[in-house]
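One structure is given below, encoded as structure tokens.
The values are calculated or read from the model by the stated rules, or taken from the named source; none is laboratory data. These numbers come from a predicted model, not from an experiment. Here the Cβ is made from the backbone with ideal geometry for all residues, glycine too, and neighbour counts use every protein chain on show. Just so you know, the surface numbers come from the protein's heavy atoms only, side chains and all, with ligands and any DNA or RNA stripped out. Shrake-Rupley method; radii C 1.70, N 1.55, O 1.52, S 1.80 Å.
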Amino acid sequence: GRGSPAGEQESPPGSRFVCTSLPLDAAGSGCPLPPVPMQGGALPPEEELKATVLQLRETVLQQKETIGSQREAIRELTGKLSRCEGADGKSAAGAWKNEVGKGKDTMGDLPRDPAQVIDQLSRTMQTLKDRLESLEHQLRANVSYAALPSDLREMLQRRLGDLERQLLSKVAELEDEKSLLHNETSAHRQKTETALNALLERVSELEKGNSAFKSPDEFKVSLPLRTNYLYGKIKKTLPELYAFTVCLWLRSSASPGIGTPFSYAVPGQANEIVLIEWGNNPIELLINDKVAQLPLFISDGKWHHICITWTTRDGMWEAFQDGEKLGTGENLAPWHPIKPGGVLILGQEQDTVGGRFDATQAFVGEMSQFNIWDRVLKAQDIMNIANCSINMPGNIIPWVDNNVDVFGGATKWPVETCEERLLDL
């Protein structure tokens with residue numbers, strides 16, 4: 001029976017424990033081991049494995065319950081044993097046994113150490129867990145691989161092969177589409193570029209009025225606005241000159257002043273040769289920044305032929321309009337040779353070589369047949385040119401299409417100056 005807990009100093013009279021020895025197999029009596037499944041039975045291996053796993057799981061649950069109850073019993077037995085054994089161990093227990101039992105052996109052999117029981121139960125539990133995990137692993141392995149029918153494996157392999165082939169086919173199809181799209185894009189771009197080039201050529205033809213002038217010199221440069229960006233440029237430059245003749249056809253009605261029909265600038269001297277009608281001033285010829293006023297009247301909106309001659313000897317000059325000499329003079333930059341290597345601009349006055357134009361000095365109108373010779377032409381030659389009876393290109397600067405560039409919206413148009421002049425008369 002149960003008495004006071006172990007560890008009390010005094011026990012009431014008659015409060016004693018009867019300690020009975022347990023058989024050696026008592027600790028294992030509550031722990032039946034599951035039967036080992038027999039291989040090769042009537043059931044398929046998979047079913048046996050599943051049944052074994054279920055049985056092992058149930059056994060584990062039972063073992064857990066048994067362990068819980070046995071731990072409680074072990075704690076109680078431990079208290080009883082400590083009181084039975086007393087301070088003197090086995091001898092005290094034997095005396096107490098003889099006194100109480102009056103010679104009857106009620107105690108028997110001492111039970112095994114409770115710690116050993118717990119260890120044995122723990123080992124049993126671990127063994128069961130290991131066997132359970134081993135069986136579950138074996139079951140998973142068998143179901144995943146061995147248990148699959150061969151035809152099922154073949155079907156899966158075929159299915160995977162089909163999917164792989166479909167994927168490769170789709171990739172190849174996408175590559176073909178990409179290549180086709182690239183080719184179509186290239187072809188479309190090429191067609192677009194071809195069309196644009198043809199359009200640009202057509203626009204150029206329309207601007208010129210013809211794809212090629214009837215003759216290389218039968219064209220005019222049009223500068224319709226007073227700006228600092230419309231101009232023509234002569235590709236060739238001048239050599240060193242000791243005399244020159246400049247002739248050109250021009251038509252302008254701009255006021256005040258027609259502006260600058262042409263200017264020649266060299267490094268260090270922007271006004272090496274300039275013809276300008278600026279503001280209300282008369283038309284002027286500048287050579288090396290020296291000025292001579294010319295008795296010309298050309299702002300009536302009709303075509304006029306203008307020629308200017310100059311020689312460094314005494315700085316003598318002549319001015320012709322429509323074949324007639326209207327003025328002469330001297331002492332215009334005498335003994336100054338015209339410097340070579342400069343820039344010839346049509347329609348703008350240069351403040352630096354080839355640039356820094358001033359819109360108020362820009363030429364507004366049309367010009368053609370701008371020619372330069374390295375000598376003073378005879379009056380009769382100038383008259384013949386103005387009457388269109390001879391064609392005399394300048395031996396230094398001739399008026400030809402491929403020697404004149406236009407910029408900023410200035411344009412080149414086909415023209416036969418003499419015919420247009422007859423219309424003006």
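Only one of the numbered conditions (1) in contact with a strand residue (DSSP E or B) (Cβ under 8 Å, 6 or more places away or on another chain); (2) open to solvent by 30 Å² or more (accessible area, probe 1.4 Å); (3) charged (D, E, K, R) is not met by Lys412, and that is (2).
Yes/no matrix, rows are residues, columns are (1) among the acidic types (Asp, Glu); (2) farther than 24 Å from Lys129 by Cβ; (3) open to solvent by 60 Å² or more (accessible area, probe 1.4 Å):
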residue	(1), (2), (3)
Glu47	yes, no, yes
Thr52	no, no, no
Arg57	no, no, yes
Val60	no, no, no
Lys64	no, no, yes
Gln70	no, no, no
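Elements of the type strands (runs of 3 or more DSSP E) sitting completely within the range 223-312 and holding at least 3 residues that are touching a residue at least 12 places away in the same chain (Cβ under 8 Å) and within 11 Å of Gly347 (Cα to Cα): these cover 231-234, 259-266, 269-277.
Considering the conditions (1) touching a Gly at 6+ places or on another chain (Cβ under 8 Å); (2) not in a helix (DSSP H, G or I), Met383 is excluded by exactly one of them, (2). When the residues of the range 178-222 are filtered to those that are at pLDDT 85 or above and in contact with a strand residue (DSSP E or B) (Cβ under 8 Å, 6 or more places away or on another chain), the one that is nearest to Leu346 (Cα to Cα) is Val221.
Evaluation of Val406 against the conditions (1) part of a helix (DSSP H, G or I); (2) out of contact with any Asp or Glu (no Cβ under 9 Å at 6 or more places or on another chain); (3) touching a residue at least 40 places away in the same chain (Cβ under 8 Å) shows that the sole unmet condition is (1). Within the range 231-246, can one find any residue that is open to solvent by 60 Å² or more (accessible area, probe 1.4 Å) and either at pLDDT below 85 or outside the structural domain of Ile298 (by the TED database) (or both)? No: the range 231-246 contains no residue that is open to solvent by 60 Å² or more (accessible area, probe 1.4 Å) and either at pLDDT below 85 or outside the structural domain of Ile298 (by the TED database) (or both). Residues in the range 259-295 that are in contact with a His (Cβ under 9 Å, 6 or more places away or on another chain) and crowded, with 22+ Cβ neighbours inside 10 Å: Ile287 only. So for the range 350-359 (the condition being assigned to a loop (DSSP other than H, G, I, E, B) and buried (at least 21 other Cβ atoms within 10 Å of the Cβ)), does at least one residue qualify? Checking the range 350-359: at least one residue is assigned to a loop (DSSP other than H, G, I, E, B) and buried (at least 21 other Cβ atoms within 10 Å of the Cβ).
All of Gly347, Gly315, Gly342 fail the test of being free of Cβ contacts under 8 Å to residues at least 40 places away in the same chain and surrounded by 14 or more Cβ atoms within 10 Å (Cβ to Cβ), apart from Gly315. Under the condition of being under 30 Å from Thr227 (Cα atoms) and in contact with a helix residue (DSSP H, G or I) (Cβ under 8 Å, 6 or more places away or on another chain), which residue from the range 371-425 is modelled with the lowest pLDDT? Checked the range 371-425; the qualifying residue modelled with the lowest pLDDT is Pro414.
For Asp314, the conditions (1) touching a helix residue (DSSP H, G or I) at 6+ places or on another chain (Cβ under 9 Å); (2) at positive phi; (3) of a type in the set (D, E, K, R) are fulfilled apart from (1). If you filter the range 318-339 down to residues that are assigned to a loop (DSSP other than H, G, I, E, B) and touching a residue at least 40 places away in the same chain (Cβ under 8 Å), you find that the one that is nearest to Tyr231 (Cα to Cα) is Lys339.
With the requirement that a residue be under 58 Å from the mean Cα position of the chain (by Cα), open to solvent by less than 20 Å² (accessible area, probe 1.4 Å) and not aromatic (Phe, Trp, Tyr), what does the range 365-395 give you? Those that are under 58 Å from the mean Cα position of the chain (by Cα), open to solvent by less than 20 Å² (accessible area, probe 1.4 Å) and not aromatic (Phe, Trp, Tyr): Gly365, Met367, Ser368, Asn371, Ile372, Gly394.
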